[in-house]
Amino acid sequence: MLRLFTLDLIQNEDVDVELDDILGSLCLPELSWTAEDIFVNVSPGSGLEIRELERVSGTPGLPNPVLDHATFTRLVAATVQFIEGEFIGFDEADVGQLDKAVIVLDVVDGAWWTVILDLDRVGVQDRFTAIFGNGTSAAAMSRRPHDT
């Protein structure tokens, strides 16, 4: 069952949430992640080649970069602010097959969060629903323009 959760931080000024808060409030299997049009601020000295990842993820005609579980975990730990873009988590064998995605994390302007979960494969903790509420049913895994 797919569930859509949204959060507008401009309307909810008392809520302060970042990528690690969201992922820390979910029980996810080990996933591979694609990155599309991402722009993130990472802590200095993290050792991540974030500029290249941002460039490749935003270049039309290039495939979206795929991050393995360990690399994505490092990125999440180093992220100070997720400003823009979409991360999609897949079981390794299903990378790129949007209909088989486990989770979609989409952020616009660092303030508008959209999270779509396959609740048959993702556990949701109380602190996630405290931030996002109960969500609504979703028909597809993404609402970005690439979906047809």
**Report entry** Residues that are of a type outside the set (D, E, K, R), part of a loop (DSSP other than H, G, I, E, B) and within 15 Å of ALA70 (Cβ to Cβ), drawn from the range 44-60
**Finding:** SER46, GLY47, LEU48
Report task. Exactly one condition in (1) more than 26 Å from GLN11 (Cα to Cα); (2) modelled with pLDDT under 95 is not met by ASP120; state its number. Result -> (2)
Requested in this report: Go through the range 85-101 and give me each residue that's free of Cβ contacts under 8 Å to residues at least 60 places away in the same chain and surrounded by fewer than 18 Cβ atoms within 10 Å (Cβ to Cβ).
Outcome: ALA93, ASP94, GLN97, LEU98, ASP99, LYS100
Query raised in the report: In the range 10-22, which residues are closer than 15 Å to VAL80 by Cβ and assigned to a loop (DSSP other than H, G, I, E, B)?
Result: ASP16, VAL17, GLU18
**Report entry** the range 23-66: number of residues that are within 14 Å of the chain's Cα centre (by Cα), of a type outside the set (Asp, Glu) and either closer than 14 Å to GLU86 by Cα or crowded, with 16+ Cβ neighbours inside 10 Å (or both)
**Finding:** 15
Requested in this report: Filter the range 68-95 for residues that are touching a strand residue (DSSP E or B) at 6+ places or on another chain (Cβ under 8 Å), of a type outside the set (S, T, N, Q) and over 19 Å from LEU117 (Cβ atoms) and give the result.
Outcome: ASP68, LEU75, ALA78, VAL80, ILE83, GLU84
Query raised in the report: Mind checking whether some residue in the range 125-138 is within 12 Å of LEU28 (Cβ to Cβ) and in contact with a helix residue (DSSP H, G or I) (Cβ under 8 Å, 6 or more places away or on another chain)?
Result: yes
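The values are calculated or read from the model by the stated rules, or taken from the named source; none is laboratory data. From a predicted model like this one, the values you see are computed outputs, not experimental measurements. Cβ sites come from the backbone with ideal geometry, for glycine too, and all protein chains shown count toward neighbours.
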